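The values are calculated or read from the model by the stated rules, or taken from the named source; none is laboratory data. For clarity, every value in this text was computed on a predicted model and none was experimentally measured. Reconstructed Cβ throughout: ideal geometry from the backbone, glycine too, with neighbour counts over all protein chains shown.
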């Protein structure tokens, strides 16, 4: 049986407790890692064995909750999704995500993003009130209609994209790639009729047009969402609606279905 | 003016600069093409170049400044300053063109 | 209990390590745009004032002036070709179609047609740079 190689890796971790410290410090911990150990595992090992005061946000440990985003060796990554030995580095520098206020150690404040998410109305908006109240059928989508937005719906809202965005690093009013992606996901959905309600905030001074396709967001996204693509497609949609007053979007058809109570047993 | 209109104009003026700017460079620097400067279309194309390049440059500066100095009213202030600067240069340039080609 | 503001500010534009070439092109487009604007305003004032005062059309002066124009030519060529590439990307022509996100993810905006236009811009830029430098050395009298 092959012994898995164990290496000693130094972790240089950003420490800052605003209740006690005046300025941040770096603490170095040495951790024994093997092939499969992730950065999150290493941080929890540090918390368990060396320094319980380290503050880390984590939950699922399988890259689906989006909680453990941090700067690892200078790039935005999910801690649970990054194997230590794949970084090929004797020293691993762990810092909180750029461009978000730091609450403590590696934990950052996402309230700005969630505030902007509410402004962009991230839900399907329809006007057929009678059908909504007393449904007579379903809005079934063709595979092509689904593909228009499915990639952008996979977002786990980890915030890595907005941390990498060069616009967000200077412009705190920018809607951020994460939110613009969400706006596009709902606007292009064939079941949605609400683009007109989102337009004022998207087509504004700090909306989709402050993106200049640096594509840093897509290069760090851990789930393959490609927010850079959705923002450019959003720009195309916004221009098409505002300048040419038309939008090439299929409208979903209502597929009548008898109610379960009315159908014969 | 909506933001999407401003940016569409930014791209359209970029394209106009490509064409009229090439005419400007070729007619002024390559001696074999100096005759272009004597045609009727040349001053018209230079007028278009002046307007397009000033819009493109001022809008570009506006975009950069609005990102560096975000604020609820800073957008308006930056726009007004840049419109004024652009207008001054446009009037100056237009006067030059009229004197040089119109015989004023 | 306070929070520590953690915005990178304008240094965030210069953070290029670990990101793709598109981020470098974005920074170059901004810097070249500002540089060309400064030249533009100086040029309009220069030609206009020289004509107003002497009645003569302005000519590029000496070796320093000609060198400045050579550098300007390089910057303008880059800004133009990259600008065309950006218009194609920003109106959705080269970024690719949405597709299912299946691991290992391939971002169509960082590959396919869009990345091809990046390479086209760089190749055309280097070719034109070569010819421009030849012309410029000629004009400078070397």
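Can you confirm whether segment C:26-40 contains a residue that is more than 27 Å from residue A:163 (Cβ to Cβ) and surrounded by fewer than 16 Cβ atoms within 10 Å (Cβ to Cβ)?
Within segment C:26-40, one or more residues are more than 27 Å from residue A:163 (Cβ to Cβ) and surrounded by fewer than 16 Cβ atoms within 10 Å (Cβ to Cβ).
Can you pull out the residues in segment B:46-75 that are assigned to a helix (DSSP H, G or I), more than 10 Å from every other protein chain (Cβ to nearest Cβ) and more than 16 Å from the chain's Cα centre (by Cα)?
So in segment B:46-75, the residues assigned to a helix (DSSP H, G or I) come out as B:46-68, B:74-75.
Keeping just the survivors that are more than 10 Å from every other protein chain (Cβ to nearest Cβ) gives B:46-49, B:51-52, B:55, B:59, B:65.
The one that is assigned to a helix (DSSP H, G or I), more than 10 Å from every other protein chain (Cβ to nearest Cβ) and more than 16 Å from the chain's Cα centre (by Cα): B:65.
Quick one: count up the residues across segment A:212-265 that are more than 8 Å from every other protein chain (Cβ to nearest Cβ) and either modelled with pLDDT under 90 or within 30 Å of residue B:9 (Cβ to Cβ) (or both).
Final tally of qualifying residues: 29.
Just give me the residues in segment A:138-188 being surrounded by fewer than 23 Cβ atoms within 10 Å (Cβ to Cβ), out of contact with any helix residue (DSSP H, G or I) (no Cβ under 8 Å at 6 or more places or on another chain) and outside any helix (DSSP H, G or I), in sequence order.
A:138, A:139, A:140, A:141, A:142, A:154, A:156, A:173, listed by residue number.
Considering every residue within segment B:3-15, establish whether at least one is without any contact (Cβ under 8 Å) to a residue 24 or more places away in the chain, under 23 Å from residue C:49 (Cα atoms) and either surrounded by 15 or more Cβ atoms within 10 Å (Cβ to Cβ) or out of contact with any helix residue (DSSP H, G or I) (no Cβ under 6 Å at 6 or more places or on another chain) (or both).
Scanning segment B:3-15 turns up no residue that is without any contact (Cβ under 8 Å) to a residue 24 or more places away in the chain, under 23 Å from residue C:49 (Cα atoms) and either surrounded by 15 or more Cβ atoms within 10 Å (Cβ to Cβ) or out of contact with any helix residue (DSSP H, G or I) (no Cβ under 6 Å at 6 or more places or on another chain) (or both).
Return only the number of the condition from (1) crowded, with 16+ Cβ neighbours inside 10 Å; (2) in contact (Cβ under 8 Å) with a residue 40 or more places away in the chain; (3) more than 7 Å from every other protein chain (Cβ to nearest Cβ) that residue C:15 does not satisfy.
(2)
Look through segment B:76-99, keep the residues that are over 14 Å from the mean Cα position of the chain (by Cα) and crowded, with 18+ Cβ neighbours inside 10 Å, and return whichever of them is modelled with the lowest pLDDT.
Top of the filtered list is B:96.
Could you list, in sequence order, the residues of segment C:81-106 that are within 16 Å of the chain's Cα centre (by Cα) and more than 8 Å from chain A (Cβ to nearest Cβ)?
C:81, C:82, C:83, C:84, C:85, C:87, C:88
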